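A quick write-up on the structure given underneath.
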Amino acid sequence: MLKPFSDRVSGLQPSAIREILKFTADPEVISFAAGNPAPEAFPVKIIEKLSSQIFAEEPIGALQYSVTEGYAPLRERLKEELAQKGLFKSGDMVVITAGAQQAIETTAKILLNEGDVIICEDPAFIGSLNAFRSYGVRLVGVPMDGDGMSVEGLEAALKANPSAKLIYTIPNFQNPTGLTSTLKRRREMLELAKRYGVYILEDNPYGDLRFEGEGVPSIKELDDSGAVLYAGTFSKTLAPGLRVGYLLGCEEIVKKAVVGLQTSTVHTNIWAQMLTYRFLKEVDFEEHLERLRGIYRAKYRRMRDGLRRELPERIELTEPQGGLFIWGTLPEGRDMNVFCSEAVRNKVAVVPGNAFSADERAVSRSFRMNFSTPTDEQIDQGVKILGKVARELLG
């Protein structure tokens, strides 16, 4: 019998999140499993207006082939705004990608050989983990605490894996935990990366969605050595269906990323890039972000208050200051998979924590909940069901 798959993909498994989302095809299931922006967050009327302008004024430009680097006006606008934030520095370059996911996957493509080591937070975003796995790399997870990735764990991993090339982190409102790395922790991570000669890939899809507390400088902002690559996206602040993101970093790396992109997508959707540029140019983006923050602040507080009221106190909950997720952890000795299975049997879907582990064989007591996608009524009903399931499980 012929071997049907390449070695690169034969061991890859379907995303646990995507598999769980199949349950949500049942209209009675309340999904806390997705990571989608709130439907009411989409600026539909503005997108409709700007799209009409594009096709009235630049139809061929929107429909024709273009350059891999990205739509020039958007790139220039991004450079200006990133420079104002202290992110774009002398010697840097930015390339437009199909969301941050492509920026992450392309970084793996151009930097990593099969068998190389990536050090990542544990737990970490499953989409990135699977992108890394597709290149045959070895994932080494470092536990997190309330301040972010453990510095002691990170240095131990770097010492134990001298071939490590990359540290992957989501420092703001991390997916799946919702945790934010402190400024001290970011500085320590950067110093370790420079000392051991590895890159940091800073993934920041949620940074603009801070709805409580004070902002923290990004690791890229703190870096003066070129050690940090930065993946950004408009998926959470404009619309994920546009698939507009970007990779920012030293010119040598990003130029190679351009070559890597030419072998896959040729270029990111030009109409979507033109639309994004016009949105940034013609709309008060900060006012738009404030509207989103208001939506997510209200949704988060509703779910947080409901969970505090309905769940037993023995279940630990993170308290994110932004983003889209809350992370719950059952008491020692309790079976998270039983909890998740009982939840979905009772028509509420959450994501098992082991889906986010660098070690696919790992055992977890945690689960992820999303508050951006469900309606207020679904949040209220869903947390009551989770409370009932938890009380029955914990006794």
>> Give me the percent of accessible area attributable to carbon and sulfur for the stretch 70-126, probe 1.4 angstrom.
In response: 47 percent
> What does the charge add up to near Glu212, with Lys and Arg as +1, Asp and Glu as -1, over the other residues with Cβ less than 11 Å from its Cβ?
Replying inline: +3
>> Given a 1.4 Å probe and heavy atoms of the protein chains only, how would you sort Asp335, Asp92, Asp26, Asp203, largest accessible area at the top?
In response: Asp335, Asp26, Asp92, Asp203
> At a 1.4 Å probe, what is the % contribution of carbon and sulfur to the accessible area of the stretch 327-395?
Replying inline: 46 percent
> Along the principal axes of its C-alpha atoms, what lengths does the chain span, in descending order and rounded to whole Å?
Replying inline: 61, 56, 52
> Assuming R0 = 35 Å, what is the FRET efficiency of Lys388 and Arg361, from their Cβ-Cβ distance, to the nearest 0.05?
Replying inline: 0.65
> Using a 1.4 Å probe, how large is the accessible area of His267, given in Å² and rounded to the nearest 10?
Replying inline: 40 Å²
> Largest first, how would Cys120, Cys250 line up by accessible area (1.4 Å probe)?
Replying inline: Cys250, Cys120
> Given the alpha-carbon gyration tensor of the stretch 274-363, what are the semi-axes of its equivalent ellipsoid in whole angstrom, ordered largest first, with each equal to the square root of 5 times an eigenvalue?
Replying inline: 34, 18, 12
>> Please compute the contact order of the chain in relative form: average sequence separation of alpha-carbon pairs under 8 Å and at least six residues apart, divided by the residue count, as a percent.
In response: 24 percent
>> Heavy atoms only, 1.4 Å probe, whole protein assembly: order Ser264, Ser372, Ser31, Ser90 by accessible area, highest first.
In response: Ser90, Ser264, Ser31, Ser372
>> As an exercise, use a Förster radius of 51 Å and the Cβ-Cβ distance of Ala156 and Asp26 to find the FRET efficiency, rounded to the nearest 0.05.
In response: 0.70
>> Step by step: find N for the stretch 135-288, compute 2.2 N^0.38 Å, then divide the Cα radius of gyration by it. What's the final number?
In response: 1.13
>> Could you compute how much accessible surface Arg391 exposes when probed at 1.4 Å, giving the result in Å² to the nearest 10?
In response: 110 Å²
> Relative contact order, percent, of the stretch 196-310 when contacts are C-alpha pairs under 8 Å separated by at least 6 residues?
Replying inline: 25 percent
>> With +1 on the Cβ of every Lys and Arg and -1 on the Cβ of every Asp and Glu, and nothing else charged, how large is the dipole of the chain about its Cα centre, in debye rounded to the nearest 20?
In response: 480 debye
> Within the set Lys236/Lys299; Lys79/Lys194; Lys255/Lys281; Lys89/Lys256, which residue pairs have Cα atoms separated by over 20 Å?
Replying inline: Lys79/Lys194; Lys255/Lys281
> When the C-alpha atoms of the stretch 108-192 are aligned to their principal axes, what extent does each axis show, in angstrom, from largest down?
Replying inline: 32, 26, 18
>> Could you report the chain's accessible area per residue, 1.4 Å probe, as an integer in Å²?
In response: 44 Å²
> In nm², what is the average projected area of the convex hull enclosing the Cα atoms of the stretch 50-177?
Replying inline: 10.6 nm²
> Shape of the stretch 332-395 from its Cα gyration tensor (a ≥ b ≥ c, root eigenvalues): rounded if a/c is under 1.5, otherwise prolate when a/b > b/c, or oblate?
Replying inline: oblate
> In Å, what is the Rg of the alpha-carbon atoms in the stretch 208-252, and how long is Dmax?
Replying inline: 13.0, 37
> How large are Rg and Dmax for the stretch 101-141 when only the alpha carbon atoms are used, in Å?
Replying inline: 9.2, 24
> Gap in Å between the Cα centre of the stretch 294-339 and the Cα centre of the stretch 94-164?
Replying inline: 26 Å
> Using alpha carbons only, what's the Rg to Rh ratio of the stretch 205-350 with Rh from Kirkwood?
Replying inline: 1.06
>> Charges on Cβ only, +1 for Lys and Arg, -1 for Asp and Glu, centred on the Cα centroid of the stretch 224-373; of Leu317, Thr373, Tyr246, which one is farthest towards the dipole's positive end?
In response: Thr373
> For Asn36 and Glu114, FRET efficiency with R0 = 35 Å and r from the beta-carbon atoms, rounded to 0.05?
Replying inline: 0.55
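The values are calculated or read from the model by the stated rules, or taken from the named source; none is laboratory data. Every value quoted in this text rests on a predicted model; they were computed, and no experiment measured them. Glycine also receives a Cβ, built like all others from the backbone with ideal geometry; neighbour counts cover every protein chain displayed. Note: areas computed on protein heavy atoms with side chains; ligands, DNA, RNA excluded. Shrake-Rupley method; radii C 1.70, N 1.55, O 1.52, S 1.80 Å.
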